[in-house]
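> Got a structure here, written out as structure tokens. Questions coming.
The values are calculated or read from the model by the stated rules, or taken from the named source; none is laboratory data. Not measured: the values here are computed from a predicted model. When we count neighbours, we look across all protein chains shown, and the Cβ atoms used for this are built from the backbone with ideal geometry, even at glycine. Note: areas computed on protein heavy atoms with side chains; ligands, DNA, RNA excluded. Shrake-Rupley method; radii C 1.70, N 1.55, O 1.52, S 1.80 Å.
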There are 2 protein chains.
Amino acid sequence: MADKPQVLRETDDEARRLARLLVRGARFMALGVIDPETGFPSVSRALTATDFDGVPVILVSALSGHTKGLAADPRCSLLAGEPGKGDPLAHPRITLQCRADTVERDTEDHARIRHRFLGRHPKASLYVDFPDFRFFRLLPQTASLNGGFGRAYVLAGSDLLIEEPGNGREWLELQDRLKEMAEAAALCAEQWGAEKGRPWRFAGVDRSGVDLVGGDLHFRHEFATPAASPGIVFDCISNVAKVIPLPEN
Amino acid sequence: MADKPQVLRETDDEARRLARLLVRGARFMALGVIDPETGFPSVSRALTATDFDGVPVILVSALSGHTKGLAADPRCSLLAGEPGKGDPLAHPRITLQCRADTVERDTEDHARIRHRFLGRHPKASLYVDFPDFRFFRLLPQTASLNGGFGRAYVLAGSDLLIEEPGNGREWLELQDRLKEMAEAAALCAEQWGAEKGRPWRFAGVDRSGVDLVGGDLHFRHEFATPAASPGIVFDCISNVAKVIPLPEN
């Protein structure tokens, strides 16, 4: 009933899966920081992506209020999950409490995060390299999932992470390879149940799943179990694309 | 550029008007509180309405995390303004820093706020009177408006208030009277530029403007200047309805 958590449900794999889909499929989130001047919380909107280990990342300007907040106090919060039609409280959403880490420039982490972020948000290439912009990794400490009326769960931050994420460079290579595979993206989107009629493209990949972007819509596909290597994901995607015949023209 | 406020623009009446439309037209907002156990910010989603003086109100359960936060520390934040198509950062949104006041039951304030809230969110009648639910008025202290790329403004909390709001009971009487005027609602929606083809109805009214609800959509119409009395608003709405002839069947 509304935001009433009543009795918390026992956190099961279905809840963890929904939580990961909400966070990894989000195009943007509401970001709460503490205003260093007043101590008030301050909520703004930020474009988001995830790093290859599942950690949410944001790209923000040093001039913005949220960056000043994070610089003074790394404790922050994210809200993911946008309402669709009908009662906004009937739609799943998740609240994360996170600790923000600056991503230093000229590091492998920065290069990887930049590459993944631009895979999702190509327009951010206009300002990503401005000297006042920087990335933060927002490491989840705990999370509260509301799957809709009466479906409240508490999760550990680790439930949102991808264990043993592997070699970042190899996953970026696969990302670049998938970028060229527009037909396979369309077929995978269909197979995985993404909304029809969108110009789907592969936007990112990690051992836990694949990000598709179709215009304004992001779609996250999670594998049943994390993949052992980028090669296996490539084979899987190629097979999905083989299973569904292309429509004849 | 993105969330970069660069140089703040001088706050003018157009910015104040946009700020009011965002807050008073919101169906829900992201609500940031401070978690009393950890000190972290915590952002969740709440249905919102406004009181007859423009102050945002929420209806929340004592069992929820945000209520526990507000009970321990009244400092909170609201984010209003949902992105539509295209880049989420190109859409106007506003961040408020607010101070939360509990609305005591069995008071005139409670009756008025309850009446206005249910005018907007009729389904909330299912739980509004549960003993663990209560209203908070979230009194704006300061606000930060982002009207889209490079259009950042700072506003005073008072910019979001309706001065000398008048007699609450009289405005509620007008609300009840407008409730029966479905044809006038349709004609006003057309005249005021609300989205076409929605089942618009009057949901609330105050001396600064009128709230229309059409299915999942809220639409706020602001008057050019605050009305001196409910009677004048009634006349204005009746006149709008007279000016546009009803379509012949």
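> May I ask you to give the solvent-accessible area per residue for segment B:164-241, in square angstrom, as obtained with a 1.4 angstrom probe?
Each residue of segment B:164-241 exposes 49 Å² on average to a 1.4 Å probe.
> To continue, here is another question. Return a single number: how many Lys pairs in chain A, at a sequence separation of 8 or more or on separate chains, have alpha-carbon atoms below 27 angstrom apart.
8
> In Å², nearest 100, what accessible area do chains A and B bury in total when the solvent probe is 1.4 Å?
Counting protein atoms only, the buried area is about 4500 Å².
> May I pose another question? Simple spin-label model, 7 Å along Cα-to-Cβ: A:A228 to B:D129 in nm?
Spacing of the two 7 Å Cα→Cβ label points: 6.3 nm.
> Using label points projected 7 Å from each Cα along Cα→Cβ, tell me how many nm separate B:K242 and A:N239, to one decimal.
Between B:K242 and A:N239, the simple spin-label model gives 7.5 nm.
> If you roll a 1.4 Å probe over segment B:31-71 with all protein chains in place, what percent of the accessible area is carbon or sulfur?
Carbon and sulfur together cover 54 percent of it.
> Would you calculate the separation in nanometres between label points at B:R17 and A:E180, each defined as 7 Å from the Cα along the Cα-to-beta-carbon direction?
In this crude spin-label approximation the distance works out to 5.4 nm.
> So, one more: Build a GNM of chain B with springs between Cα atoms under 10 Å: which of B:R201, B:R17, B:R220 gets the top mean-square fluctuation?
B:R17
> Follow-up question, since we're still on this one. Non-local amide H neighbours of A:G54 (under 5 Å, H modeled in plane, Pro and chain starts lacking H): which ones?
HN-HN under 5 Å from A:G54: A:I162.
> Further, regarding this structure: If you plug each phi of segment A:114-120 into the Karplus form 6.51 cos²θ - 1.76 cosθ + 1.60 with θ = phi - 60°, what whole-Hz ³J(HN,Hα) values come out, in order, with x for Gly and Pro?
4, 4, 5, 4, 6, x, 7
> P(r) for segment B:70-118, please, calculated from all Cα pair distances in 5 Å bins and given in %.
Pairs per bin, as whole percents: 5, 16, 14, 14, 19, 13, 10, 6, 2, 0.
> Quick one: 3J(HN,Hα) in Hz for segment B:72-80, Karplus 6.51/-1.76/1.60 with θ = phi - 60°, rounded, Gly and Pro as x.
Ordered by residue, 3J(HN,Hα) equals 7, 8, x, 6, 8, 9, 10, 10, 10 Hz.
> What whole number of Å gives the distance from the Cα centroid of segment B:110-171 to the Cα centroid of segment B:23-87?
If we compute the Cα centre of each part, the gap is 11 Å.
> Same structure again: Output, in nm with one decimal and in ascending order, the distances from the B:A72 label point to the matching label points of the other copies (7 Å from Cα along Cα-to-Cβ).
2.0
> Between copies, how far does the label point of B:D129 sit from its twins, in nm, shortest first, when each point is 7 Å from Cα along Cα→Cβ?
6.5
> If R₀ is 30 angstrom, what is the calculated FRET efficiency for the pair A:E164 and A:L217, using the beta carbon separation as r and rounding to 0.05?
About 0.50, to the nearest 0.05.
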